[in-house]
1. With a ≥ b ≥ c taken as the square roots of the eigenvalues of the C-alpha gyration tensor of the range 467-577, please select rounded if a/c is under 1.5 and otherwise prolate if a/b is larger than b/c or oblate if it is not?
2. Step through the table entries Lys171/Lys645; Lys423/Lys468; Lys101/Lys605; Lys145/Lys191, compare each Cα-Cα distance with 20 Å, and write down the pairs that go over it.
3. Using +1 at the Cβ of each Lys and Arg and -1 at the Cβ of each Asp and Glu in the chain, identify which of Thr118, Leu336, Ala55 lies farthest towards the dipole's positive end.
4. Over the range 133-253, calculate the relative contact order: mean separation of alpha carbon pairs under 8 Å at least 6 apart, over the residue count, as a percent.
5. Sort out for me the Cα centre separation of the range 592-668 from the range 62-114, rounded to whole Å.
6. If you average the C-alpha positions of the range 172-200 and of the range 506-556 separately, how far apart do those two centres end up, in angstrom?
7. How large is log10 of I(q)/I(0) for the chain at q = 0.09, 0.10, 0.12 Å⁻¹ when the intensity is taken from the Debye formula with one equal scatterer per alpha-carbon?
8. So if R0 is 45 Å, what FRET efficiency would Leu490 and Lys262 give, r being the distance between their Cβ atoms, rounded to the nearest 0.05?
Amino acid sequence: MSKLKLPKISQWKQIFKVLKKNEKIALSIFFVLAFSSLIFLTTDFYIKNTKVAPAIGGAYSEGIIGQPRFINPIYGETNDIDRALIDLIFSGLMSYDKDGKIVNDLADSYKISNDGKTYDFILKDNLFWQDGRPLTADDIIFTIKTIQNSDYKSPLRANWIDVDIEKTSDKSFTFRLKIPYNSFLENNTIKIIPKHIWENILPESFALSSYNLQPIGSGPYSFKNLKQIESGFIKNIDLTANRKYYNGIPFISNLSFQFFEKKEELIKTVNAKTIDGFSLAQLDNNEAQAEKEIRQGWTKDKKFTAYYLSLPRYFAVFFNTQKTKLFSDINLRKALNYATDKNEIINEIGISTKERAFIVNSPILPQYFGYQEPAIAYEFSVEKANNLLDKTGFKALSSGQREKILDKKPAFQFKNYLSVKSKGKDVTELQKCLSRLPNDNFSDFLQGETNGTYGKATENAVIEFQKKYLPEEKPTGEVGKATRIKLNKLCATPQENSQLLQFTIVTINQPQLIQVANSLKNYWQKVGAMVNIKAVEVSELKSIIKERNYDALLFGEALGSEPDLYPFWHSSQKNDPGLNLSEYENKDIDTLLKDARETLDNNEKQKKYEKLQNIILEDAPALFLYNPDYIYWVSAKIKGLETTKIVDPAKRFSNIENWFIKTKRVWK
C-alpha cells in the first residue's frame, strides 16, 4: 500500500488551474474565512490578555494670569505662580499625595523621638540633580541654613527658628527642635535647592541670580527655556520630563506655561485651542461666566473637564478686637454672627458663579479633618441679633440706624496747680484756652507765648482772666482751684454726645469677595449698622494687615495638611508676622494651642482643638463663613488626574508624574 503524500508547493500553485469555477469560488471563500477567523481569534486573545496603560509622550500647556518672579524655594513660596513651578522643578523631603496627605518624597524613611524633639531622616538611593550631580544630605543642610540665615531674607525663616540640623552621613541627618512640634513634618515639604549651584552666590545677590528663573532642581520636570517680550514680561516657560527623576520618568514629556497680563488674553488663547488647562481663579472663580466665554470643542478630547479640589481653608470676617473699640464688645460680635444668613450667601455664590462652597462654622474645619462639630452655632436670627445689639447700648432710631449716647466728659480738664515756671500739657492747654476765649483780649497779653512754658506773659494773661471772671478773688496770676473750675467751665471742649453704629469692612478687590461683603452689608444694615466696604488690591492689603489697620477684615486663611492653629489664634501672634487677625486674647486658648501643637498623640490634639473651637465661637472674634473648592479646568485628553484634596493651589500637580496623554497596551 503506497503512502499518501502532501502536494508539493509547486503543485499547490497549480490548484486553481485544475479546479472548476465553482470550486475556485468555494476555496477562495474558505481562505478568506479562515484568515478572518485567525485575525479575530488573535485580536480577541490580545485584547483579553492585555490592558490599556499610560505611555510616554505628549505635551500639556497651561494658561496663567501673571508671571513668575522667583522659581526658588527660598523666596517663591509666597506666590501661587512661583509655588506651582517650584513644585514641578524641585523636590522636598516630604510631599503630598492625591488626598492631601503627607508622604515621603526624597526621604526614604524618618524616625521621631519619644519626646518629639528629634527627627532622624534617611534619603533614598540614587537621587540626582537635573544637571547630573548627586543630591546628598549636604544639600538639605545648605537649604535649611540658608532659610535660617537672616541675611537671605527668606519669608520661610519663621518656620525654622529654633531648629538645629546635623549631618550624620551623606544620606542621613538629624533635626533637633527646642520644643516638640507635631506639624514639623509639614515643614519638610519645603523644596531643596542644590548647594553646588548656590553656595558661592552672596546673600545680597541671591534674589538677583539668573537661577531664580532658570532653575536646576530634582523634581519631575526640568527647566527648558523661557521667553520674554520687550517689556520684560515673561510670556512662556517650557519644562521637559526629568529623565533622572527618582520616581520614574513622567508620562507627559513636555509642559508649557503661557503667562498673560489680562484675563481677556487668556480667554482668547483658550478659545484658539492652544491651552489645555487653567484655574477658574484666573477668571474670578466664575464658572458660569467661563462656560459662556470658553468655546468647548465638538469631540470629547477637545472639551474641558472640571476638577473640584478641596482645600483646608475658609473665608471669614475678622473683627479687630483691639484697635477698634467698637469690636471689643462681645455682644456686638455675637449679634453680627446671628444677623448673617450663611445659607443664602452660599446659594448666591452658586447662582452667580456655579462655584461649589460649603458653610464653615468653626476655625478647625471639622468636616475636612474629621473632627467633631462644635457645640455652639450661630443660626440666622434677626431677633437674637437685635436683642444683643440692645445690650451694647446702641439703640434703634426711627430711621432704623442704631446710635449710642455717650458720656459728656470733656476731652481735657484742668486738675493741677500752675504758676510761673510750670511746664507741660496743662500749660499748653491753658495757653490755648486763653487765646481762643471769644470777645476777650487775653491773647494780646500772651504775646505769642504758647510753647507750654508758664512765663511772665502767661501770668499776665491769667491775672486779666481772674479780674474778669473771678472779680471777688484776688488776682494772683496762679492757677488755683477757683481758677481751674472757671477754666474748665469756659474752655472744656465737649465730646460728641452720640455715636452711630458704623464701621468698614476691608477685603480684596475680587468679585466674589466683594459680592459677599455686599451681602454682609445688607444683613447688618437691617439690624441698624452702617457698613462701608473698602476693596483693595493684594499689594495694598499686605500693609493693611501688617499694621492691623482695619475695623473688620473679610479674608481667607489656609490651615495646611497638619493643622496648627497657633499662628492664627495665639495672643503672641497678634502682631505681624503673626496671623491672629482679630488680635484675639484668651489665656485658655493660649494654653490649648501650645498643648495641641506639642503633643504627639493625635487623639489628644483632636480633643484640644474640639475644646478650643467652642471657646473661640463663644468669644466670637470672627464670623466664619464658607470654604470654596478650587476649580481646575483641564482638557479631557489629559488622563490620570486623581487628586481630590490639596493644601494650596500649587499642589494641583501633586501626582503630575501619573498624568498621561498617550496610551499603549501591555500584557496583564
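1. prolate
2. Working: Lys171/Lys645 31 Å; Lys423/Lys468 25 Å; Lys101/Lys605 17 Å; Lys145/Lys191 13 Å.
Beyond 20 Å: Lys171/Lys645; Lys423/Lys468.
3. Value computed over the given set: Ala55.
4. 18
5. 14
6. About 37 Å separates the Cα centre of the range 172-200 from the one of the range 506-556.
7. -0.91, -1.03, -1.30
8. Rounded to the nearest 0.05, the efficiency is 0.10.
The values are calculated or read from the model by the stated rules, or taken from the named source; none is laboratory data. Computed from a predicted model, the values in this text were never measured in an experiment. Cβ sites come from the backbone with ideal geometry, for glycine too, and all protein chains shown count toward neighbours. These area figures cover heavy atoms from the full protein model, side chains too; ligands, DNA and RNA do not enter into them. Shrake-Rupley method; radii C 1.70, N 1.55, O 1.52, S 1.80 Å.
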